[in-house]
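The values are calculated or read from the model by the stated rules, or taken from the named source; none is laboratory data. Small disclaimer: the values here were computed from a predicted structure and weren't measured. Glycine gets a Cβ as well: all are built from the backbone with ideal geometry, and neighbour counts include every protein chain shown. Ligands, DNA and RNA are excluded from the accessible area calculation, which covers all protein heavy atoms including side chains. Shrake-Rupley method; radii C 1.70, N 1.55, O 1.52, S 1.80 Å.
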Amino acid sequence: MPRVLVTAEVQNLETWETHFRTHGDLFKQMGISTMEYATGPGNRIAVCGDTSDLDAYMKVFQSQATADAMVQDGVKRETVQMFVLDKALKI
């Protein structure tokens with residue numbers, strides 16, 4: 001199952017987290033049942049989830065609904081980076 005990591009800078013961490021928690025329907029459309037996330041210095045966020053359908057994830061991620069959600073959440077769109085985690089180091 002593909003794992004996707006998204007990082008970005010937001011205007012305000014508390015506002016972002018409050019609004020982020022309301023987007024369950026978008027995450028379900030992306031084929032995700034659980035999202036893990038963290039906040040860090042400089043108003044940075046990281047969001048990670050396993051998707052059952054990478055094509056659906058990409059389609060929803062690039063949709064107007066997601067763009068609108070990011071505006072509501074205070075995401076600085078120009079800082080958004082996405083990574084499909086497709087490599088592993090077994091130790």
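For the reader, a short list of remarks on this structure follows.
- Candidates in segment 78-89 are the residues that are open to solvent by 100 Å² or more (accessible area, probe 1.4 Å) and part of a loop (DSSP other than H, G, I, E, B); of these, the one that is nearest to Asp25 (Cα to Cα) is Asp86.
- Look at segment 1-30: where a residue is under 15 Å from Gln72 (Cα atoms) and a partner is acidic (Asp, Glu), sitting 6+ places away or on another chain with Cβ atoms under 7 Å, you get Val10/Asp73; Trp16/Asp73; His19/Asp73; Phe20/Asp73.
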